[in-house]
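Trainee: I'd like to ask some things about the structure below.
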Amino acid sequence: MLRKILAVDDSALIHQMYKLFLSRYKNCKLVSAMNGLEAFDKLGQEENVDLILLDINMPVMNGLEFLQRVQKEAAYKDIPVIIISTEGKEEDTIRGLKMGARGYVKKPFQASELHSLIEKITGP
Amino acid sequence: MEFEVSAELVSIYLEDAREQLAVLDEVLLRLEKEGPRQDVIASVLGPLHTLKGNSGMIGLGAIKDYVHRLEEVFGRARDGALALDGEALDRLFEGATALRDAVETACAPGREQKDLAAAQAALAALLAESSAPAGRPMPAAQPQPARAGDEAQADAAAVGPARSSVVRVDFAKLDHLLNLVGELIVHRTKLDDLARKIAAVLPGAGPELLEAVHQVESASTQLQETIMDVRMLPVRHVFERFPRLVRDLARQQGKRVELVLQGEETRVDKAVIDELGEPLVHLIRNAVDHGIETPALRKARGKSPTGTLLLSAAQESNQVVITLIDDGAGIDAASVRKKALERGLLREGETLSDREAIQLIFQEGFSTASAVTDVSGRGVGLDVVVRSMERLNALIEAETIPGAGTKFTLQLPLTLAIISVLMVDVGEEVYALPSGAVVESLRYAKRDLVRMNGRDTLRVRDRIVPFVHLAELFGRRGAEGDHAYAVIVGRGEKRLGLSVDRLRGQQDVVIKALDAVVSNDSVGIAGATILGDGRVVLILDVGSLFEGRRARASGRGRVAAEA
């Protein structure tokens, strides 16, 4: 199946890693955004996003603010969100999960962790 | 690690880490200068958090752990539970240096991970001291908007502009693009010639063909300009490390120096940016070391105890002018003359104006340091700077007012990829001379050459100029006849005459990566370009002609190849 994944992170390194990690999926389109605001714009431009990988700590609009806005939009609120958290920000992860995120991965994560979570949510 | 951390990932990581570390330095400097401010402290948390995440992702555990501690320190400081006073700041400055060192080492070819245990322990000690309940409240300097998360507010602070939708491109690809455009322009000239010939024979299709060629011309010119623009970066990328450098140098020497930066957004080709750091570091070290006086001496001289260094950049037509001004002791022309005499750089009885004498500090073997300090007086003089400037095709000049200060002016080309050259014929070959080095060109009679000390010289008005026959130098046969042309090139006050058979005129050329064109030990060659008829033209390295040495084909050739 075709997967369209929106990756939101302010680190170019992380985006490069997503590219690397997701290259195993043949039918996968990766859309990148550097912050929540850009991600929100991308949601408007791209149809049928299957999954959002969301960093919390970002400039302009952070992950939690983004999540809040997504939850308010009927068109987007059912898109599953995976929170990418970092050591020391556990409380933010919990807030995100309470706000409706479907799961989380902690940096530094391995490709296999990401794969299993993606497959659990979007199917193999 | 389940995946291989590729060189590409490491370079992305390093580039980001340098930015994050620059924010750390900037925040520390501001805290030292302005005292503890909540908004300033908070502004470093976002970059540190990203650095921590990134370090973990590429398997740099020690760095990740250290940054985590740093985050804790700044977090507590922001909450008022830890005072970032002189002592604590000193430790943080040291920590920032150790961290930078560890990051650079980890990203260098050996990928060696440094042990940060000592630095960790220093932070742990800071944190331990802070476990006492909240200290004095801190001024919250700016009214803060209510935001959902504190990160948003942290990042919104003045430190870094928000990143927009930017695409990262390997610079080598841009270089390749520029080379391709260079070729396109070369072929365009050929196409233009052909089109004119064809138009003359085929009156029907002629005008249309010429029109089409004209459009290709205009599009390729725009393409070239656009690529040049994409390669430009603000000089901020070089300047941003200097506040920290100046602070450390001033501290080492018990001096007080304020660095003022201007025109940081002035844009220059990245290849120039990459070459600019080293000479500027040298000039700044020199200014703090020899220029700015100690606070006591400054007071005695009726100056403010804190010296000022002004580093500014501005674009002036097709070059960038960078000036470094200090309000220090200035350079004493008399002692420069004396030293130059001692070092044999000046002959007894030779007279120089003060302004001319000052330029002697750029000569090889001249060092103004009267005592060897561990800063700039390591036997390395400003000639190192001059050599960098030559690589950059740039000019450097010094002006000084004894007792009041010194000003260094650097005139740099906007780009190294395209230079203006004077094309000359030597026998059957065409050579190019960088226009910046050409002082004048003139026709001379071969019988006017005078042999002195085993080499030819030419009298040009009141000067005797040493002469080099390019045909001989490159093992070519020069044209016969009584007259030829001389191109007089300059380097500082020095002049050198080059004999050529014919002058072809000036034009802008795209420098090709040299390694592909000629071998590395070519005499006096700085690069190459290609003419419309496909001929390779070598660009002469004027600096090495002066030194008369077999120059490695370094300089611009290397820059063009690496960039």
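The values are calculated or read from the model by the stated rules, or taken from the named source; none is laboratory data. All values reported here derive from a predicted model rather than from experimental measurement. Note that we place each Cβ from the backbone using ideal geometry, even for glycine, and neighbour counts take in every protein chain shown.
Trainee: Take B:Glu151 and decide whether it is within 14 Å of chain A (Cβ to nearest Cβ), assigned to a helix (DSSP H, G or I) and modelled with pLDDT under 85.
Mentor: Spelling it out, B:Glu151 is indeed within 14 Å of chain A (Cβ to nearest Cβ), assigned to a helix (DSSP H, G or I) and modelled with pLDDT under 85.
Trainee: Could you tell me whether A:Thr122 is buried (at least 16 other Cβ atoms within 10 Å of the Cβ) and either modelled with pLDDT of 90 or more or under 27 Å from B:Arg69 (Cβ atoms) (or both)?
Mentor: Criteria not met by A:Thr122.
Trainee: Return the only residue of A:Glu65, A:Glu113, A:Glu87 being at pLDDT 90 or above and at the interface with another protein chain (Cβ under 10 Å from one of its Cβ atoms).
Mentor: So the residue among A:Glu65, A:Glu113, A:Glu87 that is at pLDDT 90 or above and at the interface with another protein chain (Cβ under 10 Å from one of its Cβ atoms) is A:Glu65.
Trainee: How do the pairs read when you match residues in segment B:187-210 that are not assigned by TED's automatic domain parsing to the domain that holds B:Arg535 with residues anywhere that are surrounded by 12 or more Cβ atoms within 10 Å (Cβ to Cβ) and of a type in the set (Phe, Trp, Tyr), using Cβ under 6 Å and keeping only pairs 6 or more apart or on different chains?
Mentor: So the pair list comes out empty.
Trainee: Please state which of the following conditions A:Asp55 fails to meet, knowing it meets all the rest: (1) of a type in the set (D, E, K, R); (2) at the interface with chain B (Cβ under 9 Å from one of its Cβ atoms); (3) surrounded by fewer than 16 Cβ atoms within 10 Å (Cβ to Cβ).
Mentor: (3)
Trainee: Something else about it: Quick one: is B:Thr105 hydroxyl-bearing (Ser, Thr, Tyr), more than 10 Å from chain A (Cβ to nearest Cβ) and in contact with an Asp or Glu (Cβ under 7 Å, 6 or more places away or on another chain)?
Mentor: Considered against the rule, which asks whether it is hydroxyl-bearing (Ser, Thr, Tyr), more than 10 Å from chain A (Cβ to nearest Cβ) and in contact with an Asp or Glu (Cβ under 7 Å, 6 or more places away or on another chain), B:Thr105 comes out as yes.
Trainee: Look at A:Lys26 and say whether it is surrounded by fewer than 19 Cβ atoms within 10 Å (Cβ to Cβ) and more than 14 Å from chain B (Cβ to nearest Cβ).
Mentor: It is true that A:Lys26 is surrounded by fewer than 19 Cβ atoms within 10 Å (Cβ to Cβ) and more than 14 Å from chain B (Cβ to nearest Cβ).
Trainee: Would segment B:231-249 turn up any residue that is assigned to a helix (DSSP H, G or I) and over 28 Å from B:Ile292 (Cα atoms)?
Mentor: No, segment B:231-249 contains no residue that is assigned to a helix (DSSP H, G or I) and over 28 Å from B:Ile292 (Cα atoms).
Trainee: Need pairs with beta-carbon distance below 6 Å; first residue over 24 Å from B:Ala77 (Cα atoms) and at the interface with another protein chain (Cβ under 8 Å from one of its Cβ atoms) and within segment B:45-65, second surrounded by fewer than 22 Cβ atoms within 10 Å (Cβ to Cβ) and β-branched (Val, Ile, Thr); sequence gap 6+ or separate chains.
Mentor: B:Ile58/B:Val5
Trainee: Identify all residues within segment B:416-448 that are more than 19 Å from B:Gly524 (Cβ to Cβ) and surrounded by 22 or more Cβ atoms within 10 Å (Cβ to Cβ); write none if there are none.
Mentor: Answer for segment B:416-448, where residues must be more than 19 Å from B:Gly524 (Cβ to Cβ) and surrounded by 22 or more Cβ atoms within 10 Å (Cβ to Cβ): just B:Ala417.
Trainee: Right, another one. Of everything in segment B:1-15 that's more than 8 Å from chain A (Cβ to nearest Cβ) and in contact with a helix residue (DSSP H, G or I) (Cβ under 6 Å, 6 or more places away or on another chain), which residue is modelled with the highest pLDDT?
Mentor: If we take residues in segment B:1-15 being more than 8 Å from chain A (Cβ to nearest Cβ) and in contact with a helix residue (DSSP H, G or I) (Cβ under 6 Å, 6 or more places away or on another chain), then B:Leu14 is modelled with the highest pLDDT.
Trainee: Separate question: Of the numbered conditions (1) without any contact (Cβ under 8 Å) to a residue 60 or more places away in the chain; (2) under 22 Å from B:Val260 (Cα atoms), B:Arg343 satisfies every one except a single condition; which is it?
Mentor: It is condition (2) that B:Arg343 fails.
Okay, residues lined up against (1) surrounded by 17 or more Cβ atoms within 10 Å (Cβ to Cβ); (2) not β-branched (Val, Ile, Thr):
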residue: B:Gly53; (1), (2): yes, yes
residue: B:Gly56; (1), (2): yes, yes
residue: B:His68; (1), (2): yes, yes
residue: B:Glu72; (1), (2): yes, yes
residue: B:Asp79; (1), (2): no, yes
residue: B:Leu84; (1), (2): yes, yes
residue: B:Thr97; (1), (2): no, no
residue: B:Asp101; (1), (2): no, yes
residue: B:Glu104; (1), (2): no, yes
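Trainee: Let me ask something else about it. Of A:Lys98, A:Lys72, which residue is more than 15 Å from the chain's Cα centre (by Cα), more than 9 Å from chain B (Cβ to nearest Cβ) and over 23 Å from A:Gln45 (Cβ atoms)?
Mentor: A:Lys98
Trainee: Could we say that B:Ala199 is small (Gly, Ala, Ser), surrounded by 15 or more Cβ atoms within 10 Å (Cβ to Cβ) and either out of contact with any Leu (no Cβ under 7 Å at 6 or more places or on another chain) or part of a loop (DSSP other than H, G, I, E, B) (or both) here?
Mentor: Taking the combined requirement at face value, the residue does not satisfy it.
A quick yes/no check of all residues on (1) farther than 15 Å from B:Leu324 by Cα; (2) aliphatic (A, V, I, L, M); (3) not in a helix (DSSP H, G or I):
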{"site": "B:Leu209", "(1), (2), (3)": "yes, yes, no"}
{"site": "B:Gln215", "(1), (2), (3)": "yes, no, no"}
{"site": "B:Thr221", "(1), (2), (3)": "yes, no, no"}
{"site": "B:Glu265", "(1), (2), (3)": "yes, no, yes"}
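Trainee: If you take the residues of segment A:83-98 that are without any contact (Cβ under 8 Å) to a residue 40 or more places away in the chain, surrounded by 15 or more Cβ atoms within 10 Å (Cβ to Cβ) and aliphatic (A, V, I, L, M), which of them is nearest to A:Gln16 (Cα to Cα)?
Mentor: Here the residue is A:Ile83.
Trainee: OK, next. Can you tell me which condition A:Lys77 does not meet? The list is (1) more than 14 Å from chain B (Cβ to nearest Cβ); (2) at pLDDT 90 or above, and all the others hold.
Mentor: (2)
Trainee: Does segment B:303-314 contain at least one residue that is surrounded by fewer than 18 Cβ atoms within 10 Å (Cβ to Cβ), farther than 19 Å from B:Val384 by Cα, under 19 Å from the mean Cα position of the chain (by Cα) and not aliphatic (A, V, I, L, M)?
Mentor: yes
Trainee: Next question, about the same structure. Confirm whether A:Lys4 is among the charged types (D, E, K, R) and out of contact with any Asp or Glu (no Cβ under 9 Å at 6 or more places or on another chain).
Mentor: Against the criterion (among the charged types (D, E, K, R) and out of contact with any Asp or Glu (no Cβ under 9 Å at 6 or more places or on another chain)), A:Lys4 does not qualify.
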